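Down below is the structure, laid out as structure tokens.
FYI, it's all coordinate maths here, none of it is from the lab. In this text, all values refer to a predicted model and were calculated from it rather than measured experimentally. For neighbour counting, all protein chains shown are included, and Cβ atoms are generated from backbone atoms with ideal geometry for every residue, glycine included.
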Amino acid sequence: MREKLVELLPSLYRYLYRLCGESHLAEDLAQDTVVRAMKALHQLDSQVALRAWLFRIGSNVWRDHCRRAGRMRALEDEVQDQTLASPLLTTEPGPEEIVNQREQVQWTQQAIMHLPDRQRMVLTLVVCEELSLREVADILDISTDAVKANLSVARASMRKMLQQRGRHD
């Protein structure tokens with residue numbers, strides 16, 4: 001079971017990074033998540049998917065952090081972690097295209113950071129981590145209808161921000 005837990009660490013880190021926008025904080029949150037998971041490993045129901053269980057713990061660790069901090073931290077100006085970089089960046093585009101792509105990634109990260117907590121979590125788990133609506137519902141302890149609603153509102157908000165950005169460019 002511990003080996004499977006270790007295999008999930010990169011996904012857990014990416015999820016937490018997308019929630020907080022800071023690589024060092026994401027590492028700390030992932031570490032806290034693993035510590036909690038290891039302490040509770042004996043309580044894991046074999047019927048529950050390990051990934052969903054771990055992400056639920058990670059979501060709770062993130063919420064606890066936000067409560068302690070009192071508010072969300074702003075996303076740093078520069079992209080710190082290339083794990084979120086577009087796959088297109090590895091196809092050797094020209095310098096101008098690289099700058100445009102990095103700006104797009106940075107803008108998208110900032111836009112996601114402006115979403116309310118639950119919408120950001122749902123969007124990240126569904127789109128980035130490719131979890132099912134049922135898995136997301138289990139992780140966040142909400143209904144699948146609530147997942148669908150949050151996902152719909154998050155996508156609409158992202159579209160609106162994209163349209164507003166297009167008007168300002």
For Cys20, Cys128, what's the fewest-to-most ordering of other Cβ within 10 Å of each Cβ?
Cys128, Cys20
Can you give the three extents of the C-alpha atoms in the range 1-71 along their principal axes, from longest to shortest, in whole Å?
36, 21, 16
Using the 10 angstrom Cβ neighbour count as an exposure proxy, how do Trp53, Trp107 rank, fewest first?
Trp107, Trp53
If the label point is 7 Å along Cα→Cβ of Lys160, which residues in the range 9-33 have backbone nitrogen under 19 Å from it?
none
I'd like the distance separating the alpha-carbon centroids of the range 102-153 and the range 1-61, in whole Å.
17 Å
Scaled to the compact-protein estimate 2.2 N^0.38 Å, what is the alpha-carbon radius of gyration of the range 91-169, rounded to two decimal places?
1.29
Treating only Lys and Arg (+1) and Asp and Glu (-1) as charged, each at its beta carbon, one finds that the range 1-71 has a dipole about its Cα centre, in Debye to the nearest 20, of 240 debye
Suppose every K and R has +1 on its Cβ and every D and E has -1 on its Cβ; what is the size of the dipole of the range 91-169 about the Cα centre, in Debye to the nearest 20?
460 debye
Burial ordering of His24, His65, fewest other beta-carbon atoms within 10 Å first
His24, His65
